[in-house]
Amino acid sequence: MKRFLAVALLALLLTFGFSFKAIMVTDTGGLGDKSFNDGTWAGIQRAAKELGVEAKVIMSQEQSDYIPNLTKAAEEVSKEKDGGIVFAVGFMMQDALEKVAKQYPSVYFAGIDIEFGKELPNVINFLFKEQESAFLVGYVAAAMTRTGKVGFIGGIPIPPVERFRYGYEAGIKAYQDLHGKKITVIKGYTNEFSDPKKGKDLANSQFSQGADIIFAAAGACGNGVIEAAKERSEKLAGKGLDNIKKYALSGKALYYAIGVDVDQDYMAPGVVLTSAMKGVDTAGYYGVTWAFKGQFKGGLKTLGLKENGVRMSEMKYTKDIIDKLAPNVLKELEYLKGLIIEGKITVPDSEDALKAFTVKGVKLPK
């Protein structure tokens with residue numbers, strides 16, 4: 001009986017003993033972007049489920065919502081007995097987060113894709129070496145293009161988006177250096193992150209200019225890029241993965257998209273060639289966990305391939321297509337990835353570094 005009461009008491013404490021809240025404030029892309037808002041939220045939810053704490057989301061409809069929404073979240077967390085953490089998702093929230101975090105020094109915050117000039121003790125800022133995962137997908141795009149033209153579509157040309165572009169172009173340059181294949185990159189920007197139609201229209205424009213593979217780092221606008229590639233490929237091959245794969249493996253040219261931030265391969269199986277992923281889910285998970293367990297330490301945390309903070313998708317639907325049409329490219333990628341992790345290749349994170357980038361001295365394994 002005593003043992004039963006002890007177990008019951010422990011269960012009661014686990015259920016009601018903690019009053020901790022994790023609140024995520026989205027940027028204007030909001031939940032449903034199938035990109036970094038959804039990815040961060042997935043990590044927060046996973047931690048909340050494991051720890052038995054409350055998680056909620058506050059959606060921002062426009063940029064003027066950032067400060068009021070972060071303030072509302074900070075007020076909620078500050079009233080909790082065991083505190084909590086507030087997430088600001090996206091570079092565009094940088095100024096708002098810094099202002100609100102200074103006003104609530106006892107509240108923990110986490111910024112995704114955000115960096116301050118001067119670090120704050122109550123804020124963890126997560127940055128990612130997007131250029132490293134983009135390098136990998138750029139190398140694949142260079143190997144797979146049949147037209148010698150590939151596309152890049154960015155949202156707003158902010159630092160995280162541009163790092164994706166630098167890495168993508170560097171991966172293409174690396175393939176050119178090592179294989180002597182000339183490739184042209186067509187570039188464009190939607191200048192926002194929330195309108196899939198703009199992404200689709202721009203993708204169709206690039207496809208019409210001869211691109212057969214497009215990498216989109218454009219939030220929800222990238223969903224339109226995937227839709228454009230899917231529609232064009234289905235007109236050629238028919239609908240469904242089986243038809244797409246049969247057509248591709250026969251050696252016939254298709255149109256492809258490359259996903260971003262999270263694994264977007266499932267959005268158009270066989271058409272999304274791969275995805276350049278970054279660990280926004282990992283950042284969400286650890287932000288909640290560290291704050292809850294008293295392990296929170298403010299400052300900047302930058303995650304790359306070495307930290308498993310960025311990666312390429314497993315290519316569940318396309319690996320056999322790539323192996324057939326571009327033999328050895330995935331083996332070469334593993335070798336190059338190892339050189340990046342070892343610091344023997346530095347993937348550029350600026351325009352000047354991109355211009356100077358070369359891997360002509362690298363010898364691929366036979």
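The values are calculated or read from the model by the stated rules, or taken from the named source; none is laboratory data. Just so it is clear, the structure is predicted and the values come from calculations on it, not from any experiment. Virtual Cβ from ideal backbone geometry, glycine too; neighbours counted across all protein chains shown. All accessible areas refer to the heavy atoms of the entire protein, side chains included, with ligands and DNA or RNA removed. Shrake-Rupley method; radii C 1.70, N 1.55, O 1.52, S 1.80 Å.
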How much FRET efficiency would the formula 1/(1 + (r/R0)^6) give for LYS360 and LYS324, where r is the Cβ-Cβ distance and R0 is 30 Å, rounded to 0.05? 0.60
Between LYS252, LYS149, LYS278, find the one with the highest GNM mean-square fluctuation for the chain; connect C-alpha pairs within less than 10 Å. LYS252
How big is the stretch 270-356 in terms of Cα radius of gyration and Dmax, in angstroms? 16.8, 51
Just the number, please: percent antiparallel of the DSSP beta bridges in the chain, rounded to the nearest 5. 5
Trypsin sites (Lys or Arg not before Pro) restricted to the stretch 81-134 and DSSP loop, no more than 10 other C-beta within 10 Å: LYS81, LYS118
Using 0.36 nm per residue, how much length does the chain from GLU80 to GLN295 gain when fully extended, once their Cα-Cα distance is taken away? 75.6 nm
All alpha-carbon distances of the chain, grouped into 20 Å bins from 0, give the whole-percent distribution 30, 51, 18, 2
Stretched out fully, how many nm does the piece from THR147 to GLU231 gain, at 0.36 nm a residue minus the Cα gap? 28.4 nm
In the chain, carbon and sulfur make up what percent of the accessible area (probe 1.4 Å)? 51
Among PHE91, ASN37, ALA55, whose Cα projects farthest towards the positive end of the dipole of the stretch 34-121, with charges put on the beta-carbon of Lys, Arg (+1) and Asp, Glu (-1)? ALA55
Extension length gain for GLN176 and GLU119 (0.36 nm per residue less Cα distance), in nm, is 16.5 nm
Taking the alpha-carbon distance from LYS278 and a cut-off under 21 Å, which lysines remain once sequence neighbours fewer than 8 residues away in the same chain are dropped? LYS34, LYS129, LYS301, LYS306, LYS316, LYS319, LYS337
